[in-house]
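To keep things clear, I will list the structure first and then write my remarks on it.
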Amino acid sequence: MSTESATATINTSEAGALALDAADPIARFRERFHLLPGRIYLDGNSLGLLSRDAESETLRALEQWKTLGIDGWLGADPPWFTLGEELGSLLAPLVGAEPEAVVVTGSTTVNQHALTATFYRPHGGRRKIVATALDFPSDVYALQSLIHLHGGDPRHDLVLVPSRDGRTILEEDVIAALTDDVALALLPAVLYRSGQLLDIPLLAAEAQVRRIPLGFDCAHSIGAVPHSFDEWGVDWAFWCSYKYLNAGPGATGGLYVNRRHWGTTPGLAGWWGYEKTQQFDMVHAWQGAGAAGAWQISTPPLLATSPLRGALRLFHEAGITSLRAKSLTQTDYLSRLLEETGLMAPPYNFAIGTPRPPERRGGHIAVEHEEAPRIARALKARGIVPDFRAPNVIRLAPAPLYTSYHELWQTVQALGEIVDSGEHLRLTRGRELVA
Ligand SMILES: Cc1ncc(COP(=O)(O)O)c(C=O)c1O
């Protein structure tokens, strides 16, 4: 059931938007970012903007490399040698985990491989992997290759829970797919296209009863939605740091492993997952770190990891609860503006593909339109940056750290004006190479 306020209408005027900004308790964080001059940036769910904090941590890492050379591994502040663990403990509150259950390492798909290679142990009649038909393609490619590595055939061993409406996945359909022949399940916390938030605690509990290791791809929930992984008993999870966490293009990702799995031998081991005090003994017998650190593989890319330290400072100062509250208010405001200014009716015909109840949505709104590719590009031509996901979705992601209500109001105005003027019709069809 929706816990949103039951107000029937909102103030759809520009003054109404400005009043919301004036009353926003976390509006001050906007000044900490390098905003793009003259542009409204609503693509923080693909690549978040650079904060001054992330920039200064990166410059500090460069300076320490310049002045310390190899001694930076232990002598830098913080030491590079244990940076993955340190950042993991700083990130742990965002996923509701004890500090050692999280490590900053790898990247989304690589971390997925590292975790699924560990927890997929097909045996006897248990060979199947459950995922969903609306998963991000990389997740599915990785699962297909994992099944091939084990001599299986994805046509039989990969079960993609279908969507009934093309936008969302019903938890009851996932639960029905968790049968006796399933060896592993992987689900998105938030679906990348529609922005649906799955009921993680319910699914984690159902998987545990059935003894099926279940992990979550949190690329679209980390930094946008609070999690309580320890409390919910989630087995494992992974994410990137370049979306809502604002740590930069290709920034080092992260992973979570529940305490009950610590000590399990990683499926893709590497020396960075070795017990830290003995890593440089250089012996060949494996002795993994005692917690999530064991799932690291390689030397961390320092320059792609350092920005996260600055970026996380903002999350600690603002608090994920306040950020989630603003995110929900902003996505609700955006949806209501679309409805109450008539954009869901002819001749505009926009639709919203994101579930309305707050507990079922992540950080973005999926605005659907049959002309979505050209309308997305027309928005961009006006200096408003959304992204497009085939076939018909314009994703609009307010980032609560730096997006204003006034920007959302301007965006909705622009959507109406684009359809009124037909300016999108003058653009060539199709999407950009990188949408
Ligand atoms: C939900 C989801 N999973 C996986 C990926 C793949 O990420 P990476 O390129 O960091 O492996 C992405 C990328 O945007 C994503 O959105």
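The values are calculated or read from the model by the stated rules, or taken from the named source; none is laboratory data. Here the structure is a predicted model, which is why all the values come from computation and not from measurement. A quick note on method: Cβ atoms are made from the backbone with ideal geometry, for glycine too, and the neighbour counts reach across all protein chains shown.
Is it the case that some residue within the stretch 6-21 is of a type in the set (D, E), in contact (Cβ under 8 Å) with a residue 60 or more places away in the chain and closer than 19 Å to Q410 by Cα? Within the stretch 6-21, one or more residues are of a type in the set (D, E), in contact (Cβ under 8 Å) with a residue 60 or more places away in the chain and closer than 19 Å to Q410 by Cα. Within the stretch 423-435, residues that are modelled with pLDDT under 90 sit with their Cβ atoms under 6 Å from residues that are among the acidic types (D, E), at 6+ positions apart or across chains, in these pairs: A435/D387. Take the residues in the stretch 167-205 that are within 15 Å of the ligand (Cβ to nearest atom) and outside any loop (DSSP other than H, G, I, E, B); name whichever of them is farthest from A351 (Cα to Cα). This residue is L186. Look at L343 and say whether it is touching a Leu at 6+ places or on another chain (Cβ under 8 Å), closer than 23 Å to L18 by Cα and buried (at least 23 other Cβ atoms within 10 Å of the Cβ). For L343, the condition - touching a Leu at 6+ places or on another chain (Cβ under 8 Å), closer than 23 Å to L18 by Cα and buried (at least 23 other Cβ atoms within 10 Å of the Cβ) - is not met. Considering the stretch 159-187 alone, what residues qualify as being farther than 23 Å from I352 by Cβ and small (G, A, S)? Scanning the stretch 159-187 gives A176, A177, A183, A185. Can we say R121 is more than 16 Å from the ligand (Cβ to nearest atom), out of contact with any Gly (no Cβ under 8 Å at 6 or more places or on another chain), of a type outside the set (A, V, I, L, M) and outside any loop (DSSP other than H, G, I, E, B)? No: the conditions fail for R121. From the residues in the stretch 238-275 that are in contact with a Ser or Thr (Cβ under 9 Å, 6 or more places away or on another chain) and part of a strand (DSSP E or B), which one is farthest from A54 (Cα to Cα)? It comes out as V257. Pairing each residue of the stretch 36-58 that is away from the ligand (no atom under 16 Å from the Cβ) with any residue that is among the basic types (K, R), provided the two are 6+ apart or on different chains, yields C-beta distances under 7 Å for S51/R32; R52/R32; D53/R32; D53/R313; E57/R309. Here the stretch 206-224 is the region considered, the condition is being in contact with a helix residue (DSSP H, G or I) (Cβ under 8 Å, 6 or more places away or on another chain) and within 25 Å of A372 (Cβ to Cβ), and the residue that is farthest from the ligand (Cβ to nearest atom) is A224. Scanning the stretch 65-112 for residues that are β-branched (V, I, T) and assigned to a helix (DSSP H, G or I) yields T67, I70, T82, V95, T108, T109, V110.
If the condition is being buried (at least 19 other Cβ atoms within 10 Å of the Cβ) and in a loop (DSSP other than H, G, I, E, B), then the stretch 25-46 contributes L42, G44, N45, S46.
Candidates are the residues of the stretch 140-157 that are of a type outside the set (D, E), more than 16 Å from the ligand (Cβ to nearest atom) and surrounded by fewer than 18 Cβ atoms within 10 Å (Cβ to Cβ); the one that is farthest from the chain's Cα centre (by Cα) is G151. In the stretch 241-265, the residue that is nearest to F29 (Cα to Cα) out of those that are within 11 Å of the ligand (Cβ to nearest atom) and surrounded by fewer than 24 Cβ atoms within 10 Å (Cβ to Cβ) is P249.
Condition test on G106, is it touching a residue at least 12 places away in the same chain (Cβ under 8 Å), within 16 Å of the ligand (Cβ to nearest atom) and within 21 Å of the chain's Cα centre (by Cα)? Spelling it out, G106 is indeed touching a residue at least 12 places away in the same chain (Cβ under 8 Å), within 16 Å of the ligand (Cβ to nearest atom) and within 21 Å of the chain's Cα centre (by Cα).
Scanning the stretch 124-139 for residues that are touching a His at 6+ places or on another chain (Cβ under 9 Å) and within 15 Å of the ligand (Cβ to nearest atom) yields a total of 1. Checking the stated criteria, E63 turns out not to satisfy the condition of being away from the ligand (no atom under 16 Å from the Cβ), under 30 Å from S138 (Cα atoms) and either modelled with pLDDT under 95 or acidic (D, E) (or both).
Mind checking which residues of the stretch 124-139 are over 17 Å from the mean Cα position of the chain (by Cα) and among the β-branched types (V, I, T)? Matches in the stretch 124-139: I129, V130. Considering the conditions (1) outside any helix (DSSP H, G or I); (2) surrounded by 15 or more Cβ atoms within 10 Å (Cβ to Cβ), L20 is excluded by exactly one of them, (1). Annotation: A183 fulfils all but one of (1) more than 27 Å from A372 (Cα to Cα); (2) hydrophobic (A, V, I, L, M, F, W, C); (3) buried (at least 24 other Cβ atoms within 10 Å of the Cβ); the unmet one is (3).
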